[in-house]
Amino acid sequence: MTKLMQWLFVVLLLGAVWTLVTFDLLDLSLPRTYREVAWPMPVYLLVSFGCFSLATVGYRVATFNDCEEAARELQEQIKEAKEDLRKKGLKL
């Protein structure tokens, strides 16, 4: 099962439970407070997912490893390319 299928399965499962609780389709006789809490739950979950995603991206950016050797190699290649272009008559 791919990760996409797992996510879709969880979303469908939560959507089905939310629909059953919110619209009381099974006549479960749930207290009114349960339905009042369940009604805005998709919005809460979406905001929570957004916050989690933002925190994850922020953490990954903050802990991104510097590749000093690759940076030096790239600078060397840039210098070589500039010299080659100057030899060919391009002014930089």
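The values are calculated or read from the model by the stated rules, or taken from the named source; none is laboratory data. Keep in mind that what you see is a predicted model, and the values were worked out from it rather than measured. Here Cβ is always computed from backbone atoms with ideal geometry, including for glycine, and neighbour counts include all displayed protein chains. Calculation scope for accessible area: heavy atoms of the full protein, side chains included, ligands and nucleic acids excluded. Shrake-Rupley method; radii C 1.70, N 1.55, O 1.52, S 1.80 Å.
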Filter the chymotrypsin sites (Phe, Trp or Tyr not before Pro) in the chain down to the DSSP loop ones having no more than 15 other Cβ atoms within 10 Å, then list what survives. F64
Quickly work out the A16-to-K79 label distance, labels modelled 7 Å from Cα along the C-beta direction, and quote it in nm with one decimal. 6.4
Once R0 is set to 30 Å, what does the formula 1/(1 + (r/R0)^6) return for the Cβ-Cβ distance between R32 and S53, expressed as a FRET efficiency to the nearest 0.05? 0.35
Excluding ligands, DNA and RNA, what is the solvent-accessible area per residue of the chain at a probe of 1.4 Å, expressed in Å²? 94
Dipole magnitude (debye, nearest 20) for the chain, charges at Cβ of Lys, Arg, Asp, Glu: 420
Just the number, please: carbon plus sulfur as a percent of the accessible area of the chain, 1.4 Å probe, no ligands or DNA/RNA counted. 67
Within straight-line cross-link reach of K91, lysines at Cα separation under 21 Å, skipping those fewer than 8 residues along the same chain: K79, K82
